[in-house]
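The values are calculated or read from the model by the stated rules, or taken from the named source; none is laboratory data. Predicted model only: the values in this text are computed from it and were never measured. As a convention, Cβ positions derive from the backbone with ideal geometry for all residues, glycine included, and neighbour counts pool all protein chains shown. Note: accessible area is taken over every heavy atom of the protein model, side chains too, but ligands, DNA and RNA are not part of it. Shrake-Rupley method; radii C 1.70, N 1.55, O 1.52, S 1.80 Å.
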Amino acid sequence: MLDELKNRLGEEIERLTHELQVVLPEAIKKAVEHGDLRENSEYKAALERQQFIQARLNHLTMRAGELSKIDLSQIPADRVGFGSRVTVTDMRTREQEVFTLAFGDFIDKDNLDSGQISMASPLGQQLMGKKKGDKVSIQLPRGERKLHVKDVVTLPQMLDKSETA
């Protein structure tokens, strides 16, 4: 999971760097050739895109630095943490759900039914550090929701399984 995140981040950084260094300079050059820059919407749009890409690259570079600092040996093998797959049972409805804790900006937005939740979300924060058998209570706008942690598969456990397979 961590390597996948690093790869996705690296690919986006590479794509945006190419756009910033190759595509946008060409667009700005063409817009400048059209003359008066005060009323040149193509020029303004290219500059705005350039500013957006620079800000996004700064953010992604910061995230890449944070990811590189994650020491998998420091992630607990018996508690919910980054990358954990958690099975919970709603204590009222008895329905089971499976969640995978991830960084918010790395959640697969193309597949919102993937069960990924942000570690920064209220549910993610409540699940962090919990063990199998623990109970979680979360206050939602529609009322309190109580969950029972039925199973926890941590990132270190997943890595151990993939290495022995």
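Structure data summary
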{"read-out": "Of all accessible heavy-atom area on the chain, the percent that carbon and sulfur account for (1.4 Å)", "value": "49"}
{"read-out": "Nearest-ten-degree value, helix 2-18 long axis tilted from longest Cα axis of the chain", "value": "10"}
{"read-out": "For the chain: lysine pairs under 20 Å (alpha-carbon distance), excluding those fewer than 8 apart on one chain", "value": "15"}
{"read-out": "Rounded to whole Hz, the Karplus (6.51, -1.76, 1.60) HN-Hα couplings of the stretch 54-64, x for glycine and proline", "value": "4, 5, 5, 5, 4, 5, 5, 5, 5, 5, 4"}
{"read-out": "Correct choice for Cα extents along the principal axes in Å that was computed from the model, options [x] 69, 43, 22; [y] 79, 39, 29; [z] 61, 32, 29", "value": "[x]"}
{"read-out": "Solvent-accessible area per residue for the chain (1.4 angstrom probe, square angstrom)", "value": "65"}
{"read-out": "Karplus (6.51, -1.76, 1.60) ³J(HN,Hα), θ = phi - 60°, over the stretch 145-152, in Hz, Gly and Pro reported as x", "value": "10, 10, 10, 10, 6, 8, 7, 9"}
{"read-out": "Under the Karplus curve 6.51 cos²θ - 1.76 cosθ + 1.60, θ = phi - 60°, whole-Hz ³J(HN,Hα) for the stretch 135-141, x wherever Gly or Pro sits", "value": "10, 10, 10, 10, 8, 10, x"}
{"read-out": "Per-peptide average of other Cβ atoms within 10 Å, ordering 4-10, 43-49 highest first", "value": "43-49, 4-10"}
{"read-out": "The chain: antiparallel DSSP beta bridges as a percent of all, rounded to 5", "value": "85"}
